[in-house]
Structures are given as C-alpha cells and as structure tokens.
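What follows is one structure encoded as structure tokens, with my remarks underneath.
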Amino acid sequence: MKSKILDAVGISAAVLCLIHCIVFPLLMIIPLGISHNPYIDLAFLIIGAVVVYRVTQNITSNWLKLLFWASISLISISVLADLIFEIHIPLIYAGAAGLITGHIINFKNHKH
C-alpha cells in the first residue's frame, strides 16, 4: 500500500475512534440498553498500530515518528487500563487527536 492510502486509512480510523469515544458516553446517558465494549477500542488500537507501523517505516522525520508512536502509546495505556482495571482514562482522546494530526501532516508532506 502507498503511504498516502495508509494516511487516509489512519485519518479515517482515528476520526471514527474519536467520534466513538466522544459520542458513546453521551449515548450511555440515554437508557437504550447499550453498554461499553472495550474490545471496540482494542480493534481501533490494532488498526491504528498496524497503520502507524507501516507509515513510520517510510518517513524520515523523527519528530513525526515520535508523534505517531506517542499517540499510539497513549491510546494503548487507555485501552489496557479499560480492559484490565475497567477504568476509563481520557488519554485516548489525546492519542486520537495526535494520530489525526500526524496523518494530516504526513499526508501534506507527500510529493504530488
């Protein structure tokens, strides 16, 4: 896959993750009979980690690599805390925002 396609997939997954993380707690207020499933967050984490791994193999900017891996680390901490301790840590929001930012910067740096 080309890096531009990976950036598009990464941006899409990170935006969907962020929407899920923001909207889902609001839906929990309404008595619809739904509950939080941390495995959905884990799925977003796995998709994001694969895309970040593939994207960072092709970029030379060390600060952009750091942004990608720091963002995945923040998401990982939040998801693992939710899976293991059933505690929701809002680091996932910063991680998703970091991934979106990193993918947009990387997408704009491509030679057209």
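Just so it is clear, none of the values below were taken in a lab; they were calculated from the coordinates. Computed from a prediction, not measured in an experiment: that's the story for all the values here. Neighbour counts run over all protein chains shown; Cβ positions are idealised from the backbone, glycine included.
Quick one: net charge around residue 92, please, counting Lys, Arg +1 and Asp, Glu -1 for every other residue with C-beta under 10 Å from its C-beta. Before the final figure, lay out the partial values.
On the way: positive: none; negative: 41, 82.
Cβ neighbours under 10 Å give a net charge of -2.
Highest first, please rank the peptides 19-28, 36-45 by the mean number of other Cβ atoms sitting within 10 Å of their residues.
Details: 19-28: 12.2, 36-45: 16.2.
Ranking, from highest mean packing down: 36-45, 19-28.
Dividing the Cα convex hull volume of the stretch 3-108 by residue count, how many Å³ per residue is that?
Details: hull volume 9.4 nm³, N = 106.
It comes to 88 Å³ per residue, whole-number rounded.
In nanometres, what is the gap between the two model label sites at residue 23 and residue 108, each 7 Å from Cα along Cα-to-Cβ?
In this crude label model, residue 23 to residue 108 measures out at 2.6 nm.
So if I place +1 on the C-beta of Lys and Arg and -1 on the C-beta of Asp and Glu, and nothing else carries charge, what would the dipole magnitude of the chain be about its Cα centre? I want it in debye, nearest 20. It would help to have the intermediate numbers written out before the result.
Working: 6 positive and 4 negative charges, 131 e Å.
I would put it at about 620 debye.
Which of 63, 69 has the fewest other C-beta atoms within 10 Å, and how do the rest follow up to the most? Present the calculation step by step, with values, prior to reporting the outcome.
Details: 63 9, 69 16.
Ascending Cβ contact count within 10 Å gives the list 63, 69.
Looking only at the stretch 73-102, which residues have a backbone nitrogen under 18 Å from a spot 7 Å from the Cα of residue 36 in the C-beta direction?
Within reach of a label on residue 36, which here means backbone N under 18 Å from a point 7 Å along Cα→Cβ, the stretch 73-102 contributes 74-97.
Note down the relative contact order for the stretch 3-108 as a percent, whole number, built from C-alpha pairs under 8 angstrom at least six residues apart. Please list the in-between numbers first.
On the way: 107 pairs, mean separation 41.2, N = 106.
This gives 39 percent for the stretch 3-108.
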